1. Going residue by residue through the stretch 28-37, is there one that turns out to be in contact (Cβ under 8 Å) with a residue 12 or more places away in the chain and more than 22 Å from the chain's Cα centre (by Cα)?
2. Looking only at the stretch 15-61, which residues are among the acidic types (Asp, Glu) and either outside any helix (DSSP H, G or I) or at pLDDT 85 or above (or both)?
3. With the requirement that a residue be surrounded by 10 or more Cβ atoms within 10 Å (Cβ to Cβ) and of a type in the set (Asp, Glu), what does the stretch 30-57 give you?
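The values are calculated or read from the model by the stated rules, or taken from the named source; none is laboratory data. Small disclaimer: the values here were computed from a predicted structure and weren't measured. Here the Cβ positions follow ideal geometry from the backbone for every residue, glycine too, while neighbour counts run over all protein chains shown.
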Amino acid sequence: MRCQVSQRQLKLFRPRGSSRAKIINAEGEFHGAERLKDAAAVISEQPVALQLRYLQTLLELGSSQSTTIVLPVALISPFLEKAGRNS
């Protein structure tokens, strides 16, 4: 929500070329960097979170019928190992 407001503010100031637009843009970059830092902390504490994120991305990509998906081996190897133990 905050990023949307900042984008609206940025559009208002952009035509004038004001320094306020640069400040709003920098604030947006800062908040984005904070979110990335938070995500990295979660993933470092819970490595399975990265696999869940991969699977979520696959779900989003798979909604299109004309999608080719290339899976990283690190993502599918735990599932292959588990399937090998169960058979």
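1. No; the residues of the stretch 28-37 include none that is in contact (Cβ under 8 Å) with a residue 12 or more places away in the chain and more than 22 Å from the chain's Cα centre (by Cα).
2. Selection gives Glu27, Glu29, Glu34, Asp38, Glu45.
3. Hits for the stretch 30-57 are Glu34, Asp38.
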